[in-house]
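Single-structure report; data block below.
The values are calculated or read from the model by the stated rules, or taken from the named source; none is laboratory data. Note that the structure is a prediction, hence the values are computed from the model and not measured. Here the Cβ is made from the backbone with ideal geometry for all residues, glycine too, and neighbour counts use every protein chain on show. Side chains are part of the model used for accessible areas, which takes the heavy atoms of the whole protein and leaves out ligands, DNA and RNA. Shrake-Rupley method; radii C 1.70, N 1.55, O 1.52, S 1.80 Å.
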Amino acid sequence: MARAAETQASARVTGARASRRGRWLLADRYERHPGDAMRLLLGVLLLSLTALGIEDRRIGVRETDFFRVINDLALPGWTYPAIWLVMQLGVIGAVPLVVALALATRRLRLALDAALAAGGIYLIARLVKEFVQRGRPQTLLDGVHILGEPARGLGYVSGHSAVSVALATVASPYLGRLGRRVAWTLAALVCLARIYVGAHLPLDVLGGAALGWAAGALVHLVLGAPMPRPPIAKVRATLEAHGLDPAGLEPLGTGRRSTRLVTGSSDLFIKVVVREWRDSDLVYRAWRRLFQRRGSPPLSHRSPAAEVEHEAAMMLLAAEAGVRTPAVLLVTSFGSGAGVLVERRVHGRELGELDADQLDDQLVEEVGRQVDALHRAGIAHRQLDPSNILVDDRGRPWLLDLDRALMTDDRRLLERDDADLREALARLAPAPAPGG
């Protein structure tokens, strides 16, 4: 991940550029995740397939069998109040309740997301019913067990399923691991309960869940979702616990998974990698496989602690081979598995921020020598772009961000580094790029 410029002026410039590039409708600390686009597409596709799979007054054998399995469950009568209570999470009245809870915990954006996704989806579900007119189970099957008040009107799609899944989808980025599991378990119980009480058939529920999933993903795609960020107080406490001076600790820049901070007089550079569940779920992995740029490094599936340990190991091996990289001072973890890497801060400017007259032949040759030394150690950087090459106050280039680096004897990876470097230098200046 590219490191931000290390002066406040450069940070302001970087922030201004970011605000001009695709941050429409995004609040501070909110980002759009490409996995949400895939979730939206999959939700719409699943909704369409379930709608197309419905035939007038006919139910397939598999759908009938699944319905019987759930609807014929002989649960004790005393469980019905609990089932009824769970189903209330899928009614339109659950939306203002969730909004109120979000406001009470000062999560204003969660309140907005819940109102937009779940409130809007309830109205859309009613519209879908008019286009796919399917009756309730008791009008299509014999021997349906109905608990409570019989459901009236049309069955497809299940509004309860749509609302509960939409609420779980929009709430997930705001919750911890346990909270997400609880939210999705409750949404699944709502879906199953609607079959159990004889109110909906399986395709009704599946279509409603797809609609709710798509609605939640659309809200996140348009408005963004909160990025996971470590509390600065925890970072400060971690530094103090290991004998490092946290005086003047302040954020420098953020990425999707990492937060970068610096200190004052102690000259520390701190990189904190947090656990971002949306980067590791199956939908996002599929997105990466389909749309990642040819030759780009694959998405890391390491834990945050393992990721910073890997980067520190690559930096130490590179330094041993004579590559100019920042000194590693600490590798540790804290909280719910966040990884922390502390380096000695290097003052300078990114290669891409230099003026054309500063990018002379001597600097270009020295960059090439640093890359050659890295390759002689059998390390492929795999992210050689100007933002990962820092030129210090004495005009010396440093190689940064070795989180994707790899020990390898594959010449293709090393040659890819050389090609990336030549391409980057060609964009910056007309001077010829160094040899491999």
Residue 331 fails exactly one of (1) assigned to a helix (DSSP H, G or I); (2) free of Cβ contacts under 8 Å to residues at least 40 places away in the same chain, namely (1)
Looking at 312, 319, which one is within 24 Å of residue 260 (Cα to Cα), at pLDDT 95 or above and buried (at least 20 other Cβ atoms within 10 Å of the Cβ)?
312
May I ask you to verify whether residue 324 is in a loop (DSSP other than H, G, I, E, B), in contact with a strand residue (DSSP E or B) (Cβ under 8 Å, 6 or more places away or on another chain), open to solvent by 30 Å² or more (accessible area, probe 1.4 Å) and more than 30 Å from residue 175 (Cα to Cα)?
yes
Name the residues in the range 375-408 that are under 13 Å from residue 363 (Cα atoms), open to solvent by 10 Å² or more (accessible area, probe 1.4 Å) and in a strand (DSSP E or B), would you?
391, 392, 398
Can you tell me which of 29, 62, 20, 58 is among the basic types (Lys, Arg), modelled with pLDDT of 90 or more and exposed (fewer than 14 other Cβ atoms within 10 Å of the Cβ)?
62
Filter the range 334-360 for residues that are in a strand (DSSP E or B) and of a type in the set (D, E, K, R); which is least open to solvent (accessible area, probe 1.4 Å)?
343
When restricted to 106, 152, the only residue over 28 Å from residue 198 (Cβ atoms), free of Cβ contacts under 8 Å to residues at least 40 places away in the same chain and charged (D, E, K, R) is 106
For the range 343-373, how many residues are within 30 Å of residue 233 (Cβ to Cβ) and touching a Lys or Arg at 6+ places or on another chain (Cβ under 8 Å)?
2
Is there a residue being under 29 Å from residue 229 (Cα atoms), touching a Phe, Trp or Tyr at 6+ places or on another chain (Cβ under 6 Å), open to solvent by less than 50 Å² (accessible area, probe 1.4 Å) and in contact (Cβ under 8 Å) with a residue 40 or more places away in the chain anywhere in the range 167-184?
yes
Working only within the range 105-135, note down all residues that are crowded, with 20+ Cβ neighbours inside 10 Å and of a type in the set (Asp, Glu).
113
How many residues does the range 85-102 contain that are outside any loop (DSSP other than H, G, I, E, B) and surrounded by fewer than 14 Cβ atoms within 10 Å (Cβ to Cβ)?
3
